[in-house]
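Data block below; observations after.
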Amino acid sequence: MIFLFCYVQKRYAESPNEKTETYTTSKQTETVDPKIAILINTEHNDWLRIKYGFKSWNPTGSDLNLVEKNLDKAIEDKEFDFLKCPIKKNFENYYRQYVPYINKNGERIIEINAFCEILKIPPNPENGITEWTEMDWKNEYVMVSDGGNCYWQITINIDTKEFNNLMVNGIA
């Protein structure tokens with residue numbers, strides 16, 4: 001298993017957003033884009049809380065707009081050249097999971113987990129599943145080893161307006 005790690009950190013000036021102290025227990029927040037799911041209360045969120053002490057938070061529309069602006073700026077700055085055609089149209093073909101959490105510094109972070117296809121789960125006759133089924137990516141965190149540029153992650157700090165930790169899966 002090979003992973004390519006590309007750490008990038010940029011700051012983009014925007015008007016400051018209000019911090020929220022409201023936490024939600026809903027499974028996800030709806031978005032307008034059918035290829036985006038916001039994961040609030042999943043096993044991955046539980047893992048972040050247990051392993052790092054990170055609490056989930058519910059992003060507002062302006063928080064999500066800031067995420068999109070940072071992604072647009074990263075595309076303009078050619079941070080996504082690994083996509084071969086890092087144009088907005090190609091970028092929008094990816095499914096994206098947004099995992100909002102508050103880090104140890106009290107900053108609101110949105111981790112973006114992107115993938116180019118929805119994974120299929122093989123049949124499991126012992127559990128009564130006789131056909132391949134699509135993973136419930138809107139409610140389950142997608143984690144894949146390898147896969148190349150079909151899978152990538154980035155974090156966006158809503159409070160500092162920085163993005164960092166751009167990671168692209170490697171190829172075995």
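The values are calculated or read from the model by the stated rules, or taken from the named source; none is laboratory data. Since this is a predicted model, take the numbers as computed values, not measurements. Glycine also receives a Cβ, built like all others from the backbone with ideal geometry; neighbour counts cover every protein chain displayed.
Before moving on, here are some points about what is shown:
- Taken together, the residues in segment 148-172 that are without any contact (Cβ under 8 Å) to a residue 40 or more places away in the chain and surrounded by 17 or more Cβ atoms within 10 Å (Cβ to Cβ) amount to 1.
- Among the conditions (1) under 24 Å from Leu48 (Cα atoms); (2) surrounded by 12 or more Cβ atoms within 10 Å (Cβ to Cβ); (3) not basic (Lys, Arg), the only one that Glu117 does not satisfy is (1).
- Just one residue in the set Asn139, Asn103 is surrounded by 14 or more Cβ atoms within 10 Å (Cβ to Cβ), more than 11 Å from the chain's Cα centre (by Cα), touching a residue at least 24 places away in the same chain (Cβ under 8 Å) and closer than 18 Å to Ile36 by Cα; that residue is Asn139.
- Test result for Ile112, touching a strand residue (DSSP E or B) at 6+ places or on another chain (Cβ under 6 Å), within 20 Å of Glu43 (Cα to Cα), modelled with pLDDT of 90 or more and surrounded by fewer than 15 Cβ atoms within 10 Å (Cβ to Cβ): no
- The test for being among the acidic types (Asp, Glu), part of a loop (DSSP other than H, G, I, E, B), at pLDDT below 90 and closer than 22 Å to Val144 by Cα does not hold for Glu14.
- For segment 114-172, a residue qualifies if it is under 24 Å from Asn65 (Cα atoms) and among the β-branched types (Val, Ile, Thr), and the qualifying residues are Val142, Ile154, Thr155, Ile156, Ile158, Thr160, Val168.
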